[in-house]
1. What are the residues in region 71-97 that are in a loop (DSSP other than H, G, I, E, B) and not basic (Lys, Arg), if any?
2. Arg121: of a type in the set (Lys, Arg) and more than 27 Å from Val26 (Cα to Cα), yes or no?
3. With respect to the numbered conditions (1) exposed (fewer than 15 other Cβ atoms within 10 Å of the Cβ); (2) not in a helix (DSSP H, G or I), which one is the sole condition not fulfilled by Glu223?
4. Among the candidates Leu69, Leu23, Leu11, single out the residue that is more than 26 Å from Gly181 (Cα to Cα) and either assigned by TED's automatic domain parsing to the domain that holds Leu124 or touching a residue at least 24 places away in the same chain (Cβ under 8 Å) (or both).
5. Hey, among Ile191, Ile208, Ile176, which residue is assigned by TED's automatic domain parsing to the domain that holds Gly142 and within 36 Å of the chain's Cα centre (by Cα)?
6. Residues that are at pLDDT 90 or above and in contact with an Asp or Glu (Cβ under 7 Å, 6 or more places away or on another chain), at least 3 per element: which strands (runs of 3 or more DSSP E) completely within region 105-212 meet that?
7. Within region 293-337, track down each residue that is assigned to a loop (DSSP other than H, G, I, E, B) and touching a Phe, Trp or Tyr at 6+ places or on another chain (Cβ under 7 Å).
8. Just to be sure, is Ala236 among the aliphatic types (A, V, I, L, M) and either buried (at least 21 other Cβ atoms within 10 Å of the Cβ) or assigned to a loop (DSSP other than H, G, I, E, B) (or both)?
Amino acid sequence: MTARSCLSIILAAGLGTRMKSDLPKVMHEIGGLPLVGHVLKALQNAGSDRISTVTGPDMPALENLVHELVPTARCYVQSERLGTAHAALAAKASLEIPADDVLVLFGDTPLVTSRTISTVRQALQNGADLVVLGFETKSPTGYGRLLAKEGRLVAIREEKDASEAERQITFCNSGIMGFSGKHALSLLTAIGNENANGEFYLTDAVEIANKRGLTVAAVRGTEVETQGINTRVQLASCENDFQRRMRLEAMESGVSLQAPHTVFFSHDTVLEPDVTVEPNVVFGLGVRVTTGAKIRAFSHLEGAQVGSGAVVGPYARLRPGTVLGADTRVGNFVEVKNATFGSGAKANHLSYVGDASVGSKSNIGAGTITCNYDGYLKHRTEIGAGSFVGSNSTLVAPVKLGNGTFVAAGSVITDDVQRDSLALGRSKQVVKEGKAKRLREKLKAAKDSKS
């Protein structure tokens, strides 16, 4: 498609009433991203160069979110709820600025894809003046039906007004529409409210356009991507569909998911080809896993980068700021936060490494912790390349261990250790011969006296 200017208007005014929430409906999340964020993302990927949103009154958090995601977006307020066309006209100031294409979408329809949006735009480029996005469904009850004749969309018939024959139609209205820029404002302002509810409906634009002799067309999306969300049940169902999509995309791109239905993604998860993911893994926001890495079962990753050939888990937790180099190992019950591991570094079990750097080919023994927090401030631990930290060691930050350092098991390290040095920070062992036998006899006698 050749470059065309595109204004997109997102109707995002819905409250969270049926969600049983004080949060605006479109701020609830799918895959770690608010519903409206998914729509914004799809629009940007489809080449929309101007985006406006229409919110309800007193929704500063929603407006802030929109500006955070798309700084150039314009926000408008629909002070009264008088229908979808009324909402679109709240953005009249944006509509008055010329655009080749004008799209109207809904902030609670998060799974619409950039490909489908591009299909709507392509129909406009091909000469349509008004395009309606429809979908096929086996259960059309409750949806407006799209009535087409000889390739033209004749009308959108609401179910209550449909004949018995029209109710058998399975091609239904998604609510998403595209307008030719030269006709958009004229069509929207021509919509009246002569209906039982006294509201202004976008769907009336079809009849108006046909009466004017304009070209009206319908294009097909899928039922899954056009689903709207009004309840928590629908939110959960949509999350399920989103996860299914992400799993399929991952596997089609060359990722091995051993038990796909047990793996959960965020909207920005990036897994490169030849990554292997075992069952029951959760990817939080901001994760990138490089080719050849393996994420083992029951691991949780968030805000982390995993290098080529690395192995994470099972039962590992990577928190924000974690960067694992190539061929690293983070094993069972290891937690890493805001720390870097050089290539070949290992922490195979039962350790906490936070606010730290671990040099290449260093080994962190079981039970090791970096004491990074003093109750007020965080401090860093630096471990040089080729170092060995023995089991059950405590590294009290801020502290630096030079390259090739050897820390004896059970040590508490509070001072810097120079390169190639052995550090011991533990009390001297005391052995009292025969004391264990006498102690057992004493304890047994005390127990027997109570019997």
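1. Pro71, Thr72, Ala73, Gln78, Ser79, Glu80, Leu82, Gly83, Ala90, Ala91, Glu96, Ile97
2. It is false that Arg121 is of a type in the set (Lys, Arg) and more than 27 Å from Val26 (Cα to Cα).
3. Condition (1) is where Glu223 drops out.
4. Leu23
5. Testing whether each residue is assigned by TED's automatic domain parsing to the domain that holds Gly142 and within 36 Å of the chain's Cα centre (by Cα) leaves just Ile176.
6. 171-180
7. Phe298, Ser299, Gly313, Pro314, Tyr315, Gly325, Thr328, Phe333
8. The answer is no for Ala236.
The values are calculated or read from the model by the stated rules, or taken from the named source; none is laboratory data. The structure presented is a predicted model; accordingly, all values stated were derived computationally and were not measured. Note that we place each Cβ from the backbone using ideal geometry, even for glycine, and neighbour counts take in every protein chain shown.
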